[in-house]
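Read the structure below first, then the notes.
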Amino acid sequence: MGLLMKATNQTAFAKIGLMGFAGSGKTWTATDIAIGLTRLSKGKQIAFFDSEQGSDFMTKTVAEN
């Protein structure tokens, strides 16, 4: 099936929405939350979908954690 899969009824580990002005720290906060959740979930991986192609600066932060 590739990237898309049939929907199943599951409980999410977290459902989070972030809103704010440009430069207010949404990407930084979302990345920090994702890193924390990977630690709590015993090493699950982070998937990052960036519709604006401006998150490259976070790759080093994710790699270090």
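Given a 1.4 angstrom probe, I'd like the percentage of the accessible area of the stretch 1-50 that is carbon and sulfur, rounded to a whole number. Don't skip to the answer; put the middle values down first.
Working: 2860 of 4800 Å².
C and S fraction of accessible area: 60 percent.
Checking (1) 16, 46, 33, 6; (2) 24, 61, 15, 0; (3) 17, 31, 27, 22, 4 against P(r) over Cα pairs in 10 Å bins from 0, in percent calculated from these atoms, the matching label is (1). Between Lys15 and Ile33, the contour length at 0.36 nm per residue exceeds the Cα-Cα span by 5.4 nm. Between the helical axis of 26-40 and the longest alpha-carbon principal axis of the chain there is an angle of about 50 degrees. Here Lys6 is the anchor, and the lysines within straight C-alpha reach of less than 21 Å, apart from those fewer than 8 places off in the same chain, are Lys15, Lys44.
Calculated from DSSP H runs of 4 or more alone, at -39500 (n - 2.57) each and per residue, what is the 222 nm mean residue ellipticity of the chain, nearest 500? Walk me through the numbers before you get to the answer.
Details: 2 runs with 21 residues, N = 65.
Taken over the chain, the calculation gives -9500 deg cm²/dmol.
Partners of Lys60 within straight-line reach, counting aspartates and glutamates whose Cα lies under 17 Å from its Cα and excluding those fewer than 8 residues away in the same chain: Asp32, Asp50.
The values are calculated or read from the model by the stated rules, or taken from the named source; none is laboratory data. The shown structure was predicted, so the numbers you read here are calculated from the model rather than taken from an experiment. Only protein heavy atoms, including side chains, enter the accessible area calculation; ligands, DNA and RNA are left aside. Shrake-Rupley method; radii C 1.70, N 1.55, O 1.52, S 1.80 Å.
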